[in-house]
Amino acid sequence: MNGRGRRGRRDDLPVRAEVNVTSLIDIAFTLLVIFIITAPMLQGGIEVKVPEADVPPLTSREDPIIVSIDERGRVFLGQTEVAPEEVATSLPQLLRAANARMVYIKGDSVAHYGRVLDVIATVAQVEGITYGLVAEPRPRRTGRR
């Protein structure tokens, strides 16, 4: 024996400083897919198809409360469905709890006009708030008239 035993053979192996990034890429793509799926869910309110109009984009420094009316006439405060007659009592409580002063009303373009108007009237009666109606910006036309 040469006296080195096993240790001598291990010292003869070349040192390889490589990083296997395959699993890191897999994790990154998994997180990307998760974010792509959950990002639309992070929007406030319920998904409704609001009508198009010539409106500027919404800008607000504070988090508004969103009141939505879907195509079937159901009313939602944020993500929670409420009876239309309960909006008058639930909205002020929600505004106090969230310390909010802005309410956006999102009415589906095919919702019954009377239901949307009832909600607007109810929101307008709450003192100390500002409210607005949400619309989808109309695409700009390019070219000649």
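See the values below:
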read-out: Lone qualifier among Glu71, Glu62, Glu81 - being modelled with pLDDT under 80, closer than 24 Å to Ala121 by Cβ and of a type in the set (Asp, Glu); value: Glu62
read-out: Pairs with Cβ under 6 Å, 6+ apart, first in the stretch 46-59 and basic (Lys, Arg), second at pLDDT 80 or above; value: Lys49/Asp108; Lys49/Ser109
read-out: Spans of strands (runs of 3 or more DSSP E) in the stretch 75-145 with at least 2 residues of a type in the set (A, V, I, L, M) and assigned by TED's automatic domain parsing to the domain that holds Leu58; value: 75-77, 102-107
read-out: Residue match in the stretch 44-51 (condition: loosely packed, with under 10 Cβ neighbours inside 10 Å and either modelled with pLDDT under 80 or more than 30 Å from Val82 (Cα to Cα) (or both)); value: no
read-out: Test for Pro14: is it at pLDDT 75 or above, more than 30 Å from Val103 (Cβ to Cβ) and assigned to a loop (DSSP other than H, G, I, E, B); value: yes
read-out: Matching residues in the stretch 54-80 - criterion: being under 19 Å from His112 (Cβ atoms) and surrounded by fewer than 13 Cβ atoms within 10 Å (Cβ to Cβ); value: Arg72
read-out: Those residues of the stretch 105-123 which are of a type in the set (Gly, Ala, Ser) and within 25 Å of the chain's Cα centre (by Cα), in sequence order; value: Gly107, Ser109, Ala111
read-out: Lone unmet requirement of (1) touching a residue at least 12 places away in the same chain (Cβ under 8 Å); (2) within 24 Å of the chain's Cα centre (by Cα) for Gln93; value: (1)
read-out: Scope the stretch 116-131; condition modelled with pLDDT under 90 and within 22 Å of Glu47 (Cβ to Cβ); matching residues; value: none
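The values are calculated or read from the model by the stated rules, or taken from the named source; none is laboratory data. Everything numeric in this text was worked out from a predicted model, so none of it was measured. Because the Cβ atoms are built from the backbone with ideal geometry, glycine has one as well, and the counts that use them run over all protein chains shown.
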